[in-house]
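Okay, so here's the structure we're looking at.
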Amino acid sequence: MAFADRFVSVPDLFPARLAGEHWGTAQVSLDFLGATYSMTGLTPGFQEAIEERFGDLVVAPDIETDKKAIEFKVFRSAREDFHHFDLAGWDVQFDFQYHSEHVKMAGYQLMGFLSLYPRLRVGLWTCSETKSDFILGFANLLRVASAYALLENGGVLIHSAALSDGYRSWLFPGHSGAGKSTLSRLAAHRGWEIYSDDLNAIVPTGKRVSVQQVPFAGDFGRERLEILPPRPLEFLCKLRQSEADAVAIMETGSTFALLVACAPFVNCDPFRIHRLEENLLALVEEVPGYVLDFSLDGQLQGLVELVEERDRRGWNETGSC
Amino acid sequence: MKLVLAKDVRFRRILQQGVLIRQAAGEALGINGVGARILQLLVEGRSVPEIVSLLTGEFDVEKRILKEDTNRFVEELLELGVLEPAPGETA
């Protein structure tokens, strides 16, 4: 099936640039992961939906900031531009088409366009009129846009759970079923902080890399978005649910491969794969990888011992051991 | 027989090791140091017998064992669709 065929009535008419009829004149700006996103073309209802969903991130309009902001324009599409189908039991899916200078994204009642050069600009075409329908498509396109914005800034979005003891963070990349939510629940019982059990940002901060919260997904992340500051990433682990707790060093190639596989959207983009590799190379050079076998007995003994062992070897906030 | 990477597969050396990336599927596979060296030589156009001869000089391993391990590794990659016969070669 060709790109967008399953979502869009006439894929050949998919937008090729950021132009069209805006839904309204309302606007709102969001600030997260070191970037400001300036959303325009909104109805008052869309604006309200964004403020309700991303309230912690809303910033007041500022002329100087807006000049550097990532433009995010919302356009009106006709209902007949899209195929409509029953969403019951449907897993949310998208089509992507990658080009040297832009990326197209199609989904249920949405068409997205990311213009990547000279700087990121985003367009969303939707026929959704209700707040609830609009915010779903909006959040999904914003997630993709943030993956590209991070990539450009040397970071990467990773499907992962991320934990912290209040001083440093640990990352557990993996797709659905890897054990991220289970691990997060066990960690919460221990009193550790959970950044998210689904999606986290890895961001270069000076000579180190840090974990930062993203405002999108996971059972743990959303309501604590304001609370957790970026914390230096001490190590990352591949999760394996097992009958016994154990930890083994993961080889660099395997660590790199795990991160590539868990870097959504950009890992399938043939025009940006070099950039992803460069960002991940900097990450694996800095952060050691382990394989963590963990049992469901609730003790996380292997992880606790790994943290203690690294503490004994002298890890501190300003440098790895 | 000479082999090449499948069209949708990338290979990259990472700190003496390697990674294979199948981009269309967003999949990646870590490769240890010896495997990465074998892949590097394959990408450079060496045949499997040539690679075994070269590696015999690089690693302190009996040639027979090196040949068996290399053949097994290459067969696995062929089965995974990571490698394919070079144009003009037959499987």
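Here, each number is a calculation from the coordinates, and none is a lab measurement. Given the structure is predicted, the values throughout are model-derived calculations rather than measurements. As a convention, Cβ positions derive from the backbone with ideal geometry for all residues, glycine included, and neighbour counts pool all protein chains shown.
If R₀ is 56 angstrom, what is the calculated FRET efficiency for the pair A:Thr25 and A:Ser176, using the beta carbon separation as r and rounding to 0.05? Intermediate results must be reported in sequence, preceding the final value.
Numbers: r = 40 Å, r/R0 = 0.71.
In this case the efficiency is close to 0.90.
Please state the shape class of region A:65-221: rounded when a/c is under 1.5, otherwise prolate if a/b exceeds b/c and oblate if not, all from the C-alpha gyration tensor. If you can, show how the numbers build up before the last one.
Working: a/c = 2.40, a/b = 1.43, b/c = 1.68.
Taking the square roots of the gyration eigenvalues as a ≥ b ≥ c, region A:65-221 is oblate.
Given a Förster distance of 45 Å, report the FRET efficiency between A:Glu52 and A:Arg313 from their Cβ-Cβ distance, rounded to the nearest 0.05. Provide the component values of the computation, followed by the final result.
On the way: r = 46 Å, r/R0 = 1.03.
Between A:Glu52 and A:Arg313 the formula returns 0.45.
As I understand it, the value is the acute angle between the Cα axis of helix A:44-53 and the longest principal axis of the Cα atoms of chain A; what does it come to in degrees, rounded to 10?
0
Relative contact order, percent, of chain B when contacts are C-alpha pairs under 8 Å separated by at least 6 residues?
Values: 112 pairs, mean separation 31.5, N = 91.
Relative contact order for chain B comes out at 35 percent.
Over its Cα atoms, what ratio of radius of gyration to 2.2 N^0.38 Å does region A:1-117 give? Numbers along the way, then the final one.
Details: Rg = 15.6 Å, N = 117, 2.2 N^0.38 = 13.4 Å.
Its radius of gyration relative to the 2.2 N^0.38 Å reference: 1.16.
For B:Glu75 and A:Ser242, what is the calculated FRET efficiency with R₀ set at 25 Å and r taken between the beta-carbons, to the nearest 0.05? Please list the in-between numbers first.
Values: r = 30 Å, r/R0 = 1.18.
Calculated value: 0.25.
Scanning chain A for trypsin sites (Lys or Arg not before Pro) in DSSP loops with at most 11 other Cβ atoms within 10 Å, what's the longest stretch left with none?
Excluding the exposed sites themselves, the longest stretch runs over A:18-206.
Using a 10 Å cut-off on Cβ to Cβ distances, tally the other chain neighbours for every residue of B:30-38 and report the average as a whole number. Let's see the in-between values first.
Values: counts 13, 5, 4, 3, 0, 1, 1, 0, 0.
Across the residues of B:30-38, the mean count of other-chain Cβ atoms within 10 Å is 3.
Over what distance in Å are the Cα centres of region A:279-305 and region A:36-63 separated?
Using only Cα atoms, the two centres lie 37 Å from each other.
Where does the Debye-calculated log10 I(q)/I(0) of chain B sit at q = 0.13, 0.17, 0.19, 0.23 Å⁻¹, using only Cα point scatterers of equal weight, no solvent?
-0.40, -0.69, -0.86, -1.23
Taking the square root of 5 times each eigenvalue of the Cα gyration tensor, what semi-axes in Å does the equivalent ellipsoid of region A:129-239 have, largest first? It would help to have the intermediate numbers written out before the result.
Details: eigenvalues 101, 62, 32 Å².
Each semi-axis is the square root of five times an eigenvalue, giving 22, 18, 13 Å.
Using only the alpha carbons of the protein assembly as shown, determine the length spanned along each of the three principal axes and report them from longest to shortest in whole angstroms.
Ordered largest first, the protein assembly as shown gives principal extents of 74, 58, 43 Å.
Looking only at other chains, what is the average number of their beta-carbon atoms within 10 angstrom of each beta-carbon in A:260-269?
Partner-chain Cβ atoms within 10 Å, mean over residues of A:260-269: 4.
Multiply the residue separation of B:Glu50 and B:Val4 by 0.36 nm, subtract the distance between their alpha-carbon atoms, and state the gained length in nm to one decimal.
Details: separation 46, 0.36 × 46 = 16.56 nm, distance 1.46 nm.
Using 0.36 nm per residue and subtracting the Cα-Cα distance, I get 15.1 nm.
What's the center-to-center distance, using Cα atoms, between region A:109-164 and region A:185-205 in Å?
21
Taking the simple approach of a point 7 Å from Cα along Cα-to-Cβ for both A:Arg185 and A:Ala60, what is their distance in nm?
Between A:Arg185 and A:Ala60, the simple spin-label model gives 4.4 nm.
Using only Cα atoms and rounding to the nearest 10 degrees, what angle (0 to 90) does helix A:180-190 make with the longest principal axis of chain A?
50
Using only Cα atoms, find the angle between the long axis of helix B:33-43 and the longest principal axis of chain B, and express it within 0 to 90 degrees, rounded to the nearest 10.
Value to nearest ten degrees: 70.
Can you give the longest run of chain A that contains no GluC sites (Glu not before Pro) sitting in a DSSP loop with at most 16 other Cβ atoms inside 10 Å?
Details: sites that count: A:Glu21, A:Glu101, A:Glu129, A:Glu226, A:Glu243, A:Glu317.
Counting only loop sites that pass the neighbour cut-off, the longest clear stretch is A:130-225.
Whole Å is fine, so just give me how far the alpha carbon centre of region B:24-60 lies from that of region A:234-270.
22
Could you work out how much longer the chain between A:Glu285 and A:Leu13 gets when fully extended? Use 0.36 nm per residue separation minus the Cα distance between them, nm to one decimal. Let's see the in-between values first.
Values: separation 272, 0.36 × 272 = 97.92 nm, distance 4.46 nm.
Stretched fully, the A:Glu285-A:Leu13 segment lengthens by 93.5 nm.
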